[in-house]
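The values are calculated or read from the model by the stated rules, or taken from the named source; none is laboratory data. In this text the structure is predicted, and so the values were computed from the model without any measurement. Cβ placement follows ideal geometry from the backbone for every residue including glycine, while neighbour counts extend to all protein chains displayed. In case anyone asks, the SASA skips ligands and DNA or RNA and just uses the protein heavy atoms, side chains included. Shrake-Rupley method; radii C 1.70, N 1.55, O 1.52, S 1.80 Å.
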Amino acid sequence: MTAQELQALADVAAGLILFHNGLWGAPACYMWADADGAAAGRVPPWECEALDRLSWRGLIEATHGSGAGDVPVVATEAGLGALRARHAHAA
């Protein structure tokens, strides 16, 4: 796992990332989550690429809702395990 992927995974585990599903004409993208859970701006492209790789590998997933609002991105059990293993290895 690259340093960018590790940072992106840590951001997801901390509840800092939302996914905008692209409804209402806006492109689908990752957004930062504000303290109240609302979108607070776009995640930069390099972290979006890392998030896409993590999603493809099954380490994160967006919890799709039924509405048009942004949804939280969460770490899967595999993602949390990878994060714990990295922290244990660094200690």
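In table form, for the structure just shown:
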item: Gain upon complete extension [THR2, ALA38; 0.36 nm per residue less C-alpha separation]; result: 10.1 nm
item: Heavy-atom surface of the chain, accessible at 1.4 Å and reported per residue (Å²); result: 59
item: The chain, accessible surface, carbon-and-sulfur percent (1.4 angstrom probe); result: 59
item: For MET31, residues with placed amide H under 5 Å, excluding near neighbours; result: LEU18, PHE19, HIS20, VAL43
item: Additional length obtainable on full extension of the chain from HIS64 to ARG84, 0.36 nm per residue less Cα span; result: 4.7 nm
item: Helical mean residue ellipticity (222 nm; -39500 (n - 2.57) per DSSP H run of 4+; nearest 500) of the chain; result: -12500 deg cm²/dmol
item: Residue (of GLY58, ILE17, TYR30) at the positive-pole extreme of the chain, dipole from beta-carbon charges; result: GLY58
item: Local electrostatic count at ALA8 - Lys and Arg +1, Asp and Glu -1, tallied over other residues with Cβ under 13 Å; result: -2
item: From the coordinates shown, log10 I(q)/I(0) by the Debye sum over Cα atoms at q = 0.13, 0.18 Å⁻¹ corresponds to which of (i) -0.40, -0.75; (ii) -0.77, -0.92; (iii) -0.72, -0.90; result: (i)
item: Phi to ³J(HN,Hα) by Karplus 6.51 cos²θ - 1.76 cosθ + 1.60 over the stretch 29-45, Hz, x for Gly, Pro; result: 6, 8, 10, 6, 9, 6, 4, 8, x, 7, 5, 10, x, 7, 6, x, x
